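S.K.: This is the structure I want to talk about, given as structure tokens.
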């Protein structure tokens with residue numbers, strides 16, 4: 001209020017003339033003005049700059065500050081302004097003397113000692129010569145408004161469960177740091193790091209002990225972590241059991257490493273929640289600005305990828321991001337990141353593999369197998385993404401999709417008049433913990449007007465062990481409504497005759513690991529024979545999975561195996577292709593394909609077949625034109641030509657132009673770098689053969705390599721990466 005002093009050398013004694021109004025008219029106007037002022041929930045004041053005294057202070061000022069007009073004149077308004085806001089308040093003086101109106105928010109100390117937020121308008125009044133002679137103004141109590149705004153801001157930027165920052169605040173802080181570092185010249189080695197954390201096996205706690213215990217664990221975890229952080233750090237809950245930490249004012253990697261080790265150490269102590277004593281471990285991934293990225297997306301992506309690498313190494317550890325990360329680990333990271341959106345965007349679909357009578361070849365049933373067409377990695381097998389889904393509730397969403405899609409497909413085949421067969425569906429162990437899942441299954445069958453006998457539910461031995469009571473109850477309900485039950489991958493889990501006798505199982509499926517070497521391994525032959533004998537003794541049917549050779553079929557026929565499933569009769573095919581098989585009804589064994597096909601026949605260029613594999617290091621250079629530079633995976637080059645080569649790898653890569661690979665090897669003591677795209681692939685068991693259409697990174701290398709190929713000297717050369 002009275003902060004404004006009269007200007008140097010100016011006449012500040014001008015006061016607006018009262019004019020020739022009569023005394024009574026003036027009195028009436030003053031009374032009316034006073035009554036209006038007293039009725040308002042604001043304080044109104046007027047200050048004479050020449051006299052340095054208040055001309056008027058309304059009752060509202062006392063209501064807001066607690067001080068009467070006389071007390072304010074005595075102690076001055078500035079004396080009750082909050083010390084932290086006083087400098088800012090005084091800085092307004094030059095603007096006011098220049099005749100500028102101003103609105104300012106600041107705090108005062110109420111007479112009761114409480115802090116109040118004030119919203120104040122200042123209006124300069126000028127005299128005849130244009131100089132400011134008086135200040136008029138209003139003040140209002142905006143404490144509740146400020147508190148409400150702070151509450152809204154807190155809700156927008158903080159996690160409702162743990163009270164720590166949320167993903168929005170986390171990302172904005174990283175963006176602010178990136179922008180700040182880019183604008184200025186950082187001090188020597190100054191940097192900041194991102195720590196991406198998740199709780200190992202948290203999903204198991206959530207599913208077995210319930211959400212309330214899991215939520216309290218998250219709160220206790222966040223509280224424990226906050227105690228080891230300093231003022232140059234921010235803890236945020238990203239989602240579920242994932243947390244992030246931003247650590248700034250650091251130099252190098254030492255501080256982030258020390259913090260990661262400290263977090264791992266303090267989480268080794270038990271968490272006591274109610275009657276439970278819980279032990280957890282954490283996996284931590286670390287990325288650092290600017291080496292691992294100079295923007296939010298890249299830094300977070302690389303920290304998350306490094307966290308996945310830490311999990312791959314056995315969990316309960318940390319890992320700094322490195323561009324030489326294994327391609328397989330990077331792919332798994334992307335699977336984990338993209339699976340939820342893949343389900344939402346309908347990238348999942350079903351293939352069907354026939355099960356045939358072992359003696360006649362007549363199709364008896366089929367298994368529905370989930371597939372995922374990833375927009376970057378192409379077709380991803382269930383063996384890659386189902387384990388990721390099992391770690392969250394995504395496996396339940398996938399299960400619902402499979403049941404609905406299989407029933408819909410069966411209904412379509414029935415409507416077309418095809419000779420339909422029962423479809424077998426794999427069910428996750430987590431599904432049995434949902435008490436309403438069988439009711440939902442029955443509703444789905446009713447919606448598609450399907451007989452329950454056209455469905456078979458496959459479960460694993462692990463599911464029997466983990467949730468014995470829930471599984472047993474569910475299986476009995478399934479049997480009651482006419483749905484058959486198969487025990488999948490028998491012999492690979494916790495095999496027990498007790499469980500076979502206890503549970504109402506109709507079919508045993510012998511795992512492919514016993515079938516694979518059936519022709520050569522006497523041990524596998526004995527195990528397979530024992531399983532078939534045991535199953536038949538318990539009135540169960542037997543299905544042999546993974547049958548690919550005629551010798552395997554012959555042996556299984558001699559043992560009276562009931563059904564055969566495998567590439568010998570058909571690979572998994574789409575619903576449309578399966579309709580053709582349904583019309584055939586009887587399938588005949590087909591000759592297995594050569595191990596790696598005929599790459600040389602399809603290549604347009606002269607090839608040199610190497611007498612021994614040429615070792616190379618493969619990395620992923622870019623995806624969809626975006627530089628990635630990930631990977632340090634060894635591959636084996638089999639043949640090489642002037643524009644293409646073939647190599648073998650255990651990593652399942654897509655044959656699409658958006659994926660650019662780099663192969664590094666050594667020929668005749670000279671390092672060779674080849675960049676190219678996969679133009680062809682072929683799968684066989686757990687290996688893949690690829691054709692890479694390439695170019696070298698150096699024209700001199702190209703000329704040298706072509707010369708060696710023309711001379712036919714490559715086979716005799718030393719091979720391998722440096």
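The values are calculated or read from the model by the stated rules, or taken from the named source; none is laboratory data. Predicted model, so just to flag it, every value in this text is computed and none were measured. Reconstructed Cβ throughout: ideal geometry from the backbone, glycine too, with neighbour counts over all protein chains shown.
S.K.: Mind checking which residues of the stretch 170-212 are under 30 Å from residue 272 (Cα atoms), surrounded by fewer than 19 Cβ atoms within 10 Å (Cβ to Cβ) and in contact with a strand residue (DSSP E or B) (Cβ under 8 Å, 6 or more places away or on another chain)?
M.R.: 209
S.K.: While we're here: At pLDDT below 90, farther than 22 Å from residue 144 by Cα, within 56 Å of the chain's Cα centre (by Cα) and assigned to a helix (DSSP H, G or I): does that describe residue 36?
M.R.: no
S.K.: Follow-up question, since we're still on this one. Would you confirm, using the coordinates I've provided, whether residue 285 is assigned by TED's automatic domain parsing to the domain that holds residue 307, under 22 Å from residue 173 (Cβ atoms) and modelled with pLDDT under 90?
M.R.: Against the criterion (assigned by TED's automatic domain parsing to the domain that holds residue 307, under 22 Å from residue 173 (Cβ atoms) and modelled with pLDDT under 90), residue 285 does not qualify.
S.K.: Please count how many residues of the stretch 262-293 are in contact with a strand residue (DSSP E or B) (Cβ under 7 Å, 6 or more places away or on another chain) and loosely packed, with under 14 Cβ neighbours inside 10 Å.
M.R.: Summing the residues that are in contact with a strand residue (DSSP E or B) (Cβ under 7 Å, 6 or more places away or on another chain) and loosely packed, with under 14 Cβ neighbours inside 10 Å in the stretch 262-293 gives 1.
S.K.: Then there is this: Name the residue, out of 110, 104, 121, 148, that is in contact with a helix residue (DSSP H, G or I) (Cβ under 8 Å, 6 or more places away or on another chain) and farther than 13 Å from residue 64 by Cβ.
M.R.: Result of the check over 110, 104, 121, 148: 104.
S.K.: So the check is Cβ under 8 Å with 6+ separation or different chains; which pairs have a first residue in the stretch 218-230 that's within 16 Å of residue 166 (Cβ to Cβ) and a second one that's part of a helix (DSSP H, G or I)?
M.R.: 225/263; 225/266
S.K.: Out of 107, 167, report the one residue that is surrounded by 17 or more Cβ atoms within 10 Å (Cβ to Cβ) and in contact with a strand residue (DSSP E or B) (Cβ under 6 Å, 6 or more places away or on another chain).
M.R.: 107
S.K.: Hey, among 339, 348, which residue is surrounded by 20 or more Cβ atoms within 10 Å (Cβ to Cβ), farther than 30 Å from residue 190 by Cβ and over 17 Å from the mean Cα position of the chain (by Cα)?
M.R.: Just one listed residue meets the conditions, 348.
S.K.: Would you check if residue 291 is at pLDDT below 90, part of a loop (DSSP other than H, G, I, E, B) and farther than 25 Å from residue 391 by Cβ?
M.R.: Yes.
A quick yes/no check of all residues on (1) modelled with pLDDT of 95 or more; (2) over 27 Å from residue 368 (Cβ atoms); (3) in contact with a strand residue (DSSP E or B) (Cβ under 8 Å, 6 or more places away or on another chain):
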position	(1), (2), (3)
525	no, yes, no
528	no, no, yes
536	no, no, yes
547	no, no, yes
551	no, yes, no
554	no, yes, no
562	yes, no, yes
565	yes, no, yes
571	no, no, yes
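S.K.: Oh, and also: Identify, from the list 177, 229, the residue that is more than 24 Å from residue 337 (Cα to Cα) and part of a loop (DSSP other than H, G, I, E, B).
M.R.: When all the criteria are applied, what remains is 229.
S.K.: One residue is enough: does the stretch 376-391 have a residue meeting the conditions more than 25 Å from the chain's Cα centre (by Cα), outside the structural domain of residue 656 (by TED's automatic domain parsing) and buried (at least 20 other Cβ atoms within 10 Å of the Cβ)?
M.R.: No, there is no match, as no residue in the stretch 376-391 is more than 25 Å from the chain's Cα centre (by Cα), outside the structural domain of residue 656 (by TED's automatic domain parsing) and buried (at least 20 other Cβ atoms within 10 Å of the Cβ).
S.K.: Right, something else. State yes or no: is residue 162 more than 30 Å from residue 52 (Cβ to Cβ) and in contact (Cβ under 8 Å) with a residue 40 or more places away in the chain?
M.R.: Spelling it out, residue 162 is indeed more than 30 Å from residue 52 (Cβ to Cβ) and in contact (Cβ under 8 Å) with a residue 40 or more places away in the chain.
S.K.: Check the stretch 321-332 and report whether any residue there is closer than 30 Å to residue 207 by Cα and at pLDDT 90 or above.
M.R.: There is no residue in the stretch 321-332 that is closer than 30 Å to residue 207 by Cα and at pLDDT 90 or above.
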